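Q: Quick one: structure below, then a few questions.
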Amino acid sequence: MEVIFRIKRFDGGSSYWDEFKVPINMTVLEALFYIKENIDSTLAFRAFCRMGICGSCAIRINKKPMLACETQISKLEKETIELEPLKNFNVIKDLVTDFEGFFKKQKLAKPYLIRKSKGEIQQTPKQLEEYYKYTLCIKCGACVSACPVAKRCLGPAPVVAAHRFNRDSRDEGKEERLKALSDHIWHCHFVSDCSEVCPKNLHPAEVVQKVRLEVLKFNLGW
Amino acid sequence: MKFRYDVVIVGAGLAGMRAAIAIAEKNEDVSVAMVSKTYPTRCHSVCAEGGTAAVFDKEDSLDLHAWDTVKGADFLADQDAVELFVSECPKEILTLDAWGCPWSRTEDGKIALRPFGGQSLNRTVFAKDRTGFHEVHTLYERILQYPNIEIFSEYFLTGLIVENDEIKGLTAIDIKTGELTLFEAKAVILATGGAGRLYGFTTYSHNVTGDGMAVAYRCGVPLKDMEFFQFHPTGLVPSGILMTEACRGEGGYLLNKDKERFMKRYAPEKMELAPRDVVARAMWKEMIEGRALEGEHGLYIALDLTHLGEKKIKARLPLIREAAINFAGIDPVEKPLPIKPVAHYTMGGIHVNKNCETDVKGLYATGEVACISIHGANRLGSNSTSECLVFGRIAGENALDFVLNKDFKLVKEDEFFEEERKIEEIFNKNGSESPYAIKKELNEVMDNYLWIFREESGMKKAVQKIKELKERYKDVKITDKSKSFNTDLIYTIEIGYMLDLAEAVAVCALFRKESRGAHYRLDYQKRDDVNWLKHSLAYKTADGVKVDYAPVTITKWEPVERKY
Ligand SMILES: Cc1cc2nc3c(=O)[nH]c(=O)nc-3n(C[C@H](O)[C@H](O)[C@H](O)COP(=O)(O)OP(=O)(O)OC[C@H]3O[C@@H](n4cnc5c(N)ncnc54)[C@H](O)[C@@H]3O)c2cc1C
């Protein structure tokens, strides 16, 4: 059994659609390799771990940002499948987008443990669970692709990263971080599309709301 | 384009990032470039699942960790390096704790430990079953805080520039623009990871193609112990995605088609938690002798976790569950998983000493790309991520000492043009061979003849076949003639690297007439300490691979028979 992949190509100058027949019994990523190795070796896409943990292969599959490696073609239940690069990123070539800006924005949120104290650290499993879920962001950019205001602000991922450290019992830098965020998180109008597409189900939209509230309280000195 | 940094680190995995931090922690003025073909958070290390070894248990001792490692290595490890290694592991765990790594914890807030194969006591620190992912993110986050570390992502190493046995710099393709870029450096640290994609059925990420090894090898640096490749017992069928050893550490069983825990016949004491070489051989034997199960993708063994219960699987093995559901359509809470042995770790690598120094002054190697050797003929699970942390730091500190009070050595234009010419030559290739067909055949050779059971005639065939593939590679075709993000070019260069490495693996394996650790020969089934207690060193010469040997350092532990 086969399906049709309609792929949005871009060669640096023009953009166009290309079609390929691929077997159905594989993941979208495997099918991209199938094309590259057997049909058209000029096709460009990113792929590394192929197990849903490195965050390289997020693309839009039938308009929805998803990880190509985790998506079984058969589960899409379509005969024609459209593949496009992520939105809100500049396209470099075919399905490959420019992530430099994405990673630069991460830095603004101070996504690291800030800790001056020395000595042995204790953290109970309960304290760990307070923030653990938010450590799972793989920085794939799916949330940014879905976000209607991402170009004007930080985008959801850095806020999730900040939140993760704000909740970590070992951290001593929450104030610093809230201050750093305070200019960057007001554009969100809670469309919540980011939560729909996050492959790790981190509900970035909810996190953005929580962090906003914290920034507000902080600014008001509560 | 040309850049100049005191230290250039190639590779932003655990080892490379740890090295960068080690330099920046000690010195704010030394400039560091971290150059890698992926973004740091996309490196292969994020795949490490089970954990990182370090002595914390009160009953445990450094000597015991060292002994387990040496015995696991089938006595081919250098014991001075192992002793250094085990003594530094605990410190690294605590350092990562202070940098934010979400280690799993005991009820009283201490760092938790789990059992792992070949480790006598609970010695594996972990962050659920996403240990490498969390370690990588922790190091990456830390790096953001040092102004003297510059990150160059998606730059692809193509050559080292060496003069009079001293490093001067390197060249890398800026993948985004396609431009060959020169990095002048006083010291270079290679941290480019293993070479697991030599094999077809493998746990490795797509990009783990041994580049750093091949580039160093082409510059005359020898590769050590390349015949030793680790086969992990539990690769998910058919993708090869790893089902961590922690599955068995947490109590999972291996079952054959009679639902027998067959490990009792091979390692009655350690059972499923014997070292990987022992378990993988036992499984392969079950498969060959007709006691495996069979499914649409061929023979397999069952990894049964059902008796662990949903709660434990959720708490301790969440990634495994997610992966099994996504990639095999099976929930391990309900049904056993189809698995079989899978290529998993490159014990061999660039020949360095325990300071991570090569024989080229200013050139260091660390992490999986290097062979120090602490893993000898068989690595113990969870010792590799520890190695990356410990020897990443050591490489960084030594490179720092080296560059202080040193001047840059100018790279001559001609030297750069020569590198550029080599890349152009490949780029312009318009032959009749598909690089991908060559890769596929190479994978088949490795999977058939340099797998778990090896013997003379098969390995001879492999050497011959690899030679043929190398010839065919000369007539390869690069279809993509564009500059920007040309992965056709990048993959083809990688395949060229792999061919060189495969040849070294095959020749060293053919020469070593004994069975030791992961190198198991049907025609020489015993370890032979009289003739073969020595490291292989493969040199690339105009007439092919030349193999030399070097002694193994023994401090405390004379080789004895290995029983589990
Ligand atoms: C699935 C899996 C699970 C594992 N689980 C465990 C575990 O639980 N415990 C354990 O101890 N070990 C484990 N290991 C082994 C361990 O993960 C690796 O040995 C270790 O992560 C290697 O780290 P590294 O820093 O040396 O290399 P990598 O993480 O592979 O990083 C290599 C870096 O080099 C870069 N690079 C490569 N080639 C080039 C080039 N040509 N130009 C520029 N840059 C380049 C890459 O982009 C990357 O940044 C596991 C391995 C696998 C395959």
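Q: How many residues, within segment A:164-197, are away from chain B (no Cβ under 14 Å) and either aliphatic (A, V, I, L, M) or closer than 20 Å to B:PHE133 by Cβ (or both)?
A: Counting residues in segment A:164-197 that are away from chain B (no Cβ under 14 Å) and either aliphatic (A, V, I, L, M) or closer than 20 Å to B:PHE133 by Cβ (or both) gives 5.
Q: When you look at B:GLY235, is it within 15 Å of the ligand (Cβ to nearest atom), among the small types (Gly, Ala, Ser) and either modelled with pLDDT of 95 or more or surrounded by 23 or more Cβ atoms within 10 Å (Cβ to Cβ) (or both), yes or no?
A: Answer is yes for this residue.
Q: Take the conditions assigned by TED's automatic domain parsing to the domain that holds B:SER386 and under 20 Å from B:LEU273 (Cβ atoms) and apply them to B:SER87. Does it pass?
A: no
Residue-wise test of (1) within 15 Å of the ligand (Cβ to nearest atom); (2) assigned to a helix (DSSP H, G or I); (3) buried (at least 22 other Cβ atoms within 10 Å of the Cβ).
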residue: B:ILE9; (1), (2), (3): yes, no, yes
residue: B:ALA12; (1), (2), (3): yes, no, yes
residue: B:ALA19; (1), (2), (3): yes, yes, yes
residue: B:VAL30; (1), (2), (3): no, no, no
residue: B:LYS71; (1), (2), (3): no, yes, yes
residue: B:PHE75; (1), (2), (3): no, no, yes
residue: B:ASP80; (1), (2), (3): no, yes, no
residue: B:LEU84; (1), (2), (3): no, yes, no
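Q: From the list A:SER169, A:SER145, A:SER195, which residue is of a type in the set (Ser, Thr, Tyr), in contact with a strand residue (DSSP E or B) (Cβ under 6 Å, 6 or more places away or on another chain) and either surrounded by 17 or more Cβ atoms within 10 Å (Cβ to Cβ) or farther than 14 Å from A:PHE102 by Cβ (or both)?
A: On the way: A:SER169 fails: in contact with a strand residue (DSSP E or B) (Cβ under 6 Å, 6 or more places away or on another chain); A:SER195 fails: in contact with a strand residue (DSSP E or B) (Cβ under 6 Å, 6 or more places away or on another chain).
Residue meeting the stated conditions: A:SER145.
Q: Answer yes or no: is there a residue in segment B:314-333 that is free of Cβ contacts under 8 Å to residues at least 40 places away in the same chain, surrounded by fewer than 19 Cβ atoms within 10 Å (Cβ to Cβ), under 28 Å from A:MET26 (Cα atoms) and touching a Ser or Thr at 6+ places or on another chain (Cβ under 8 Å).
A: yes
Q: Take B:ALA328 and tell me if it is under 30 Å from B:LYS312 (Cα atoms), hydrophobic (A, V, I, L, M, F, W, C) and at pLDDT below 95. Lay out the reasoning, then the answer.
A: On the way: under 30 Å from B:LYS312 (Cα atoms): yes; hydrophobic (A, V, I, L, M, F, W, C): yes; at pLDDT below 95: yes.
So B:ALA328 fits the description; yes.
Q: Also, I was wondering about something else. Can you name every one of the strands (runs of 3 or more DSSP E) wholly within segment B:310-404 that holds 1 or more residues which are under 28 Å from A:THR135 (Cβ atoms) and within 14 Å of another protein chain (Cβ to nearest Cβ)?
A: B:337-346
Q: What are the residues in segment A:98-128 that are within 7 Å of chain B (Cβ to nearest Cβ) and not β-branched (Val, Ile, Thr), if any? Break it down into steps so the answer makes sense when it comes.
A: Let us first name the residues in segment A:98-128 that are within 7 Å of chain B (Cβ to nearest Cβ), namely A:99, A:103, A:107, A:111-113, A:115, A:121-125, A:128.
A:PHE99, A:PHE103, A:LYS107, A:PRO111, A:TYR112, A:LEU113, A:ARG115, A:GLN122, A:GLN123, A:PRO125, A:LEU128 - these are the residues of segment A:98-128 that are within 7 Å of chain B (Cβ to nearest Cβ) and not β-branched (Val, Ile, Thr).
Q: Take B:PHE391 and decide whether it is under 28 Å from B:VAL352 (Cα atoms) and hydrophobic (A, V, I, L, M, F, W, C). If you could, list the steps in order and put the result at the bottom.
A: Working: under 28 Å from B:VAL352 (Cα atoms): yes; hydrophobic (A, V, I, L, M, F, W, C): yes.
For B:PHE391, the condition - under 28 Å from B:VAL352 (Cα atoms) and hydrophobic (A, V, I, L, M, F, W, C) - is met.
Q: While we're on this one: Being surrounded by fewer than 17 Cβ atoms within 10 Å (Cβ to Cβ), of a type outside the set (A, V, I, L, M), modelled with pLDDT under 95 and in contact with a Lys or Arg (Cβ under 9 Å, 6 or more places away or on another chain), is that true of even one residue in segment B:512-532?
A: Scanning segment B:512-532 turns up no residue that is surrounded by fewer than 17 Cβ atoms within 10 Å (Cβ to Cβ), of a type outside the set (A, V, I, L, M), modelled with pLDDT under 95 and in contact with a Lys or Arg (Cβ under 9 Å, 6 or more places away or on another chain).
Residue-wise test of (1) more than 9 Å from the ligand (Cβ to nearest atom); (2) not assigned by TED's automatic domain parsing to the domain that holds B:LEU273.
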site	(1), (2)
B:LEU139	yes, yes
B:ASN164	yes, yes
B:LEU190	no, yes
B:ARG197	yes, yes
B:ILE241	no, no
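Q: Just the residues that are surrounded by 22 or more Cβ atoms within 10 Å (Cβ to Cβ), at negative phi, in contact with a strand residue (DSSP E or B) (Cβ under 6 Å, 6 or more places away or on another chain) and in a loop (DSSP other than H, G, I, E, B), please, taken from segment A:118-142.
A: Passing the criteria: only A:CYS140.
Q: Another question, then. Residue under question is B:ARG42, and the condition is that it be away from chain A (no Cβ under 14 Å), crowded, with 21+ Cβ neighbours inside 10 Å and within 12 Å of the ligand (Cβ to nearest atom); does it hold?
A: Considered against the rule, which asks whether it is away from chain A (no Cβ under 14 Å), crowded, with 21+ Cβ neighbours inside 10 Å and within 12 Å of the ligand (Cβ to nearest atom), B:ARG42 comes out as no.
Q: In segment B:1-15, which residues are more than 18 Å from B:GLU420 (Cα to Cα) and either modelled with pLDDT under 95 or acidic (Asp, Glu) (or both)?
A: B:ASP6 - this is the single residue of segment B:1-15 that is more than 18 Å from B:GLU420 (Cα to Cα) and either modelled with pLDDT under 95 or acidic (Asp, Glu) (or both).
Q: (1) in contact with a strand residue (DSSP E or B) (Cβ under 6 Å, 6 or more places away or on another chain); (2) under 29 Å from A:PRO199 (Cα atoms); (3) modelled with pLDDT of 95 or more: which one isn't true of B:GLU334, the others all being true?
A: (1)
Q: Further question: For segment A:1-117, which fully contained strands (runs of 3 or more DSSP E) count at least 2 residues that are within 16 Å of the chain's Cα centre (by Cα)?
A: A:58-61, A:64-67
Q: Something else about it: If a residue counts only when it is within 14 Å of another protein chain (Cβ to nearest Cβ), among the small types (Gly, Ala, Ser) and out of contact with any Cys (no Cβ under 9 Å at 6 or more places or on another chain), which strands (runs of 3 or more DSSP E) contained entirely in segment B:132-205 have at least 1 such residues?
A: By residue number, B:149-153.
Q: Only residues that are in contact with a strand residue (DSSP E or B) (Cβ under 7 Å, 6 or more places away or on another chain) and among the aromatic types (Phe, Trp, Tyr): list them for segment B:169-220, please.
A: B:PHE183, B:TYR199, B:PHE201, B:TYR217
Q: Assuming B:LEU501 fulfils every condition listed in (1) within 23 Å of the chain's Cα centre (by Cα); (2) farther than 23 Å from B:GLN525 by Cα; (3) surrounded by 20 or more Cβ atoms within 10 Å (Cβ to Cβ); (4) away from the ligand (no atom under 16 Å from the Cβ) apart from one, which condition is it?
A: Result: B:LEU501 passes all but (4).
Q: Another question, then. Need pairs with beta-carbon distance below 6 Å; first residue acidic (Asp, Glu) and within segment B:352-380, second part of a strand (DSSP E or B) and away from the ligand (no atom under 15 Å from the Cβ); sequence gap 6+ or separate chains.
A: Hits for this filter: zero, empty list.
Q: Looking at B:ARG218, B:ARG248 in this structure, which one is crowded, with 24+ Cβ neighbours inside 10 Å and within 16 Å of the ligand (Cβ to nearest atom)?
A: Just one listed residue meets the conditions, B:ARG248.
Q: Here's a follow-up. Identify, by number, the condition in (1) of a type in the set (Lys, Arg); (2) without any contact (Cβ under 8 Å) to a residue 60 or more places away in the chain; (3) buried (at least 17 other Cβ atoms within 10 Å of the Cβ); (4) more than 10 Å from chain B (Cβ to nearest Cβ) that A:ARG60 doesn't meet.
A: Evaluating A:ARG60 over (1) of a type in the set (Lys, Arg); (2) without any contact (Cβ under 8 Å) to a residue 60 or more places away in the chain; (3) buried (at least 17 other Cβ atoms within 10 Å of the Cβ); (4) more than 10 Å from chain B (Cβ to nearest Cβ) leaves (2) as the failure.
Q: Just checking, which of A:LEU95, A:LEU154, A:LEU136 is under 26 Å from A:GLN209 (Cα atoms), of a type outside the set (Asp, Glu) and within 11 Å of chain B (Cβ to nearest Cβ)?
A: Sole residue among the options that is under 26 Å from A:GLN209 (Cα atoms), of a type outside the set (Asp, Glu) and within 11 Å of chain B (Cβ to nearest Cβ): A:LEU136.
Q: On the basis of being in contact with an Asp or Glu (Cβ under 7 Å, 6 or more places away or on another chain), outside the structural domain of B:PRO115 (by TED's automatic domain parsing) and either away from the ligand (no atom under 15 Å from the Cβ) or under 23 Å from B:ALA274 (Cβ atoms) (or both), does B:PRO336 make the cut?
A: For B:PRO336, the condition - in contact with an Asp or Glu (Cβ under 7 Å, 6 or more places away or on another chain), outside the structural domain of B:PRO115 (by TED's automatic domain parsing) and either away from the ligand (no atom under 15 Å from the Cβ) or under 23 Å from B:ALA274 (Cβ atoms) (or both) - is met.
Q: Can you find a residue in segment B:544-556 that is at positive phi and over 23 Å from the mean Cα position of the chain (by Cα)?
A: Filtering segment B:544-556 for residues at positive phi gives B:544.
Among the residues that remain, those that are also over 23 Å from the mean Cα position of the chain (by Cα) are: B:544.
Yes, because at least one residue in segment B:544-556 is at positive phi and over 23 Å from the mean Cα position of the chain (by Cα).
The values are calculated or read from the model by the stated rules, or taken from the named source; none is laboratory data. Model, not experiment: these values are computed from the prediction. Glycine also receives a Cβ, built like all others from the backbone with ideal geometry; neighbour counts cover every protein chain displayed.
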